[in-house]
Amino acid sequence: MKRIVTIGIALLPIIGVAQKSKVQTAWRALNDYEATVRDGKPDLVYLNKAKEAIDLALANEETKNQGKTHAYKARITYAYYQSELTAELKKAEALSADKNERVLLAYGNAPLTNFELANEEVNKIKDLDPKYMETIQEGLMKGTSMLGEDDVKFALLVQQIKMEGENIAQGKYKAKKYDEAADYFYKTGFLKTMIFKAKDTASFMNACIAAAKSKNTSKIIEYNKKMIDFKVASPYNYDNLFNANLSKGDTSAAMSILAKGRTAFPNDMSLLNSETNMFLARGKQAEALTNLKTSIEKDPKNAVLYLVTGNIYDNMANPKDKATGKDLDKPKEFDEYFKTAETNYLKAIELSAENKDLQYNSLYNLGAMYNNYGGYLQNKKVEGKITDLQKLQKEQDAKSQEFYKKAIPYLEKALGLKPDDKATMVALRKLYLMTGDEVKGKEMNEKIKGGK
């Protein structure tokens, strides 16, 4: 009985040594493989042996939670990834003569399972053996000379994974695999933040840009929100989140994030314009005009701002029934609104000379406003007791002609910018005939029908 107990006790350290020897076997085989790589003749037999040994060590209770065990696993799986990447680089030689192009092609096409496993191992070490990771972090920050040989290799691996993550992201982006690019830009940013304890704003921003390219609403929301949570957001992130929520039909969430963005960046024009557009969509003209006034103060040469302002005052001067589209009575402030609309349209015309579409819209809107007011005056009902109805009618006709004639040159210039625009041609034909210019009226009629 005593001898049996003694044998049992003696066996325990033998088992521990046996399990630790698996880690040693993995270390030896991995170093042998790395030597073959340096010689330019990679021998996967050594790498396979290293993997077999480290997997056994990771299955054992005594060694599975040790930082160095996972460090070897990370190096082994990363070596597999490097082997696969090298194979893709050789394939790329037949596709491009440009070295940088070949590198991006390889990173875009290499399988990522082993790279992901290596990255997972690095993350596990942070949780399982934080002291070991702190030692590695300190070595990366202060210099690897303070680390042992194997720790130096692992530290360099961590740096290499960071760099590879950036390369993979760039490769996926070039290959137009934007979903994957977004993920890898984010992972790179997260790894840099974890290792160097400084937020990698550039990588996080690239993740947002790739997500926007992917048109994946969930991913756009996820990565832009993370930048806000990390307190490294820019107006771009709030605007992206706003538009993503709008695209999924969540107006409440869109308005909420927009309000936060406007608070965080009160002077940003993009967010200000997004808010203005929302006010316009909701019929909040007063709020929209307040924003537009602020925008014009910040950007006084922006023709779009004047065009939109003119359009709002035009609509306020000439209200319509939302349900039927019919004209409503003119407001008591009509003259003020009309004059303000006219002033802003003219300013938009002045500032938009280099932008064909903007110039066309500014010219057309002003011409249309004059034309519509001319029609209103011509058809305006006479109210109350009139002593000389014929005289009043004559005055109204003369006034309507004045506005018809004011409309013509603006619509002619608009047509000059878009010679095939039917709406402008039809409006001009009517105006020529209404103002007695039958020759131009007939010419425009022929043009509408396709004649010269």
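The values are calculated or read from the model by the stated rules, or taken from the named source; none is laboratory data. Source: prediction; values computed, not measured. Using ideal geometry, Cβ is built from the backbone for each residue, glycine included, and neighbour counts are taken over all protein chains shown. The protein model used for the area step is the full one, side chains on, heavy atoms only, and it has no ligands, DNA or RNA in it. Shrake-Rupley method; radii C 1.70, N 1.55, O 1.52, S 1.80 Å.
Can you confirm whether the stretch 154-163 contains a residue that is touching a residue at least 60 places away in the same chain (Cβ under 8 Å), open to solvent by 40 Å² or more (accessible area, probe 1.4 Å) and not hydroxyl-bearing (Ser, Thr, Tyr)?
Start the filter on the stretch 154-163 by keeping residues that are touching a residue at least 60 places away in the same chain (Cβ under 8 Å), which leaves 154, 157, 160-161.
Restricting the remaining residues to those that are open to solvent by 40 Å² or more (accessible area, probe 1.4 Å) gives 160.
Filter again for not hydroxyl-bearing (Ser, Thr, Tyr), leaving 160.
There is at least one residue in the stretch 154-163 that is touching a residue at least 60 places away in the same chain (Cβ under 8 Å), open to solvent by 40 Å² or more (accessible area, probe 1.4 Å) and not hydroxyl-bearing (Ser, Thr, Tyr).
Would you check which residues across the stretch 410-422 are in a helix (DSSP H, G or I) and either touching a residue at least 12 places away in the same chain (Cβ under 8 Å) or surrounded by 15 or more Cβ atoms within 10 Å (Cβ to Cβ) (or both) and list them? Walk me through how you get there before you give the answer.
Within the stretch 410-422, the subset in a helix (DSSP H, G or I) is 410-417, 422.
Listed by number, the residues that qualify are 410, 411, 412, 413, 414, 415, 417, 422.
Which count do you get for residues in the stretch 327-336 that are open to solvent by 40 Å² or more (accessible area, probe 1.4 Å) and assigned to a helix (DSSP H, G or I)? Can you show your working first?
Let us first name the residues in the stretch 327-336 that are open to solvent by 40 Å² or more (accessible area, probe 1.4 Å), namely 327-330, 332-333, 335-336.
Then keep just the ones that are assigned to a helix (DSSP H, G or I); that gives 335-336.
Looking only at that region, the number is 2.
Just give me the residues in the stretch 21-58 being within 44 Å of the chain's Cα centre (by Cα), among the hydrophobic types (A, V, I, L, M, F, W, C) and over 20 Å from residue 160 (Cβ atoms), in sequence order.
58
Applying the selection to the stretch 74-88, what residues are farther than 18 Å from residue 120 by Cβ and open to solvent by 50 Å² or more (accessible area, probe 1.4 Å)?
Result: 86, single match.
I'd like the residue in the stretch 213-247 that is open to solvent by 60 Å² or more (accessible area, probe 1.4 Å) and among the hydroxyl-bearing types (Ser, Thr, Tyr) and, out of all such residues, is nearest to residue 198 (Cα to Cα).
236
Could you list, in sequence order, all residues of the stretch 24-73 that are within 21 Å of residue 127 (Cα to Cα), free of Cβ contacts under 8 Å to residues at least 24 places away in the same chain and buried (at least 19 other Cβ atoms within 10 Å of the Cβ)?
Correct list: 58 only.
Here is a yes/no grid of residues against (1) β-branched (Val, Ile, Thr); (2) more than 13 Å from residue 186 (Cβ to Cβ); (3) modelled with pLDDT of 95 or more:
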position: 214; (1), (2), (3): no, no, no
position: 219; (1), (2), (3): no, no, no
position: 222; (1), (2), (3): no, no, no
position: 226; (1), (2), (3): no, no, no
position: 230; (1), (2), (3): no, no, no
position: 234; (1), (2), (3): no, yes, no
position: 238; (1), (2), (3): no, yes, yes
position: 249; (1), (2), (3): no, yes, no
position: 259; (1), (2), (3): no, yes, no
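Look at the stretch 165-212 and say how many of its residues are touching a residue at least 60 places away in the same chain (Cβ under 8 Å) and under 14 Å from residue 122 (Cα atoms).
Matching residues across the stretch 165-212 total 3.
Residue by residue through the stretch 294-346, note down the ones that are among the small types (Gly, Ala, Ser) and under 30 Å from the mean Cα position of the chain (by Cα).
295, 303
Tell me, which residue of the stretch 248-279 that is closer than 12 Å to residue 234 by Cα and of a type in the set (A, V, I, L, M, F, W, C) is surrounded by the fewest Cβ atoms within 10 Å (Cβ to Cβ)?
It comes out as 264.
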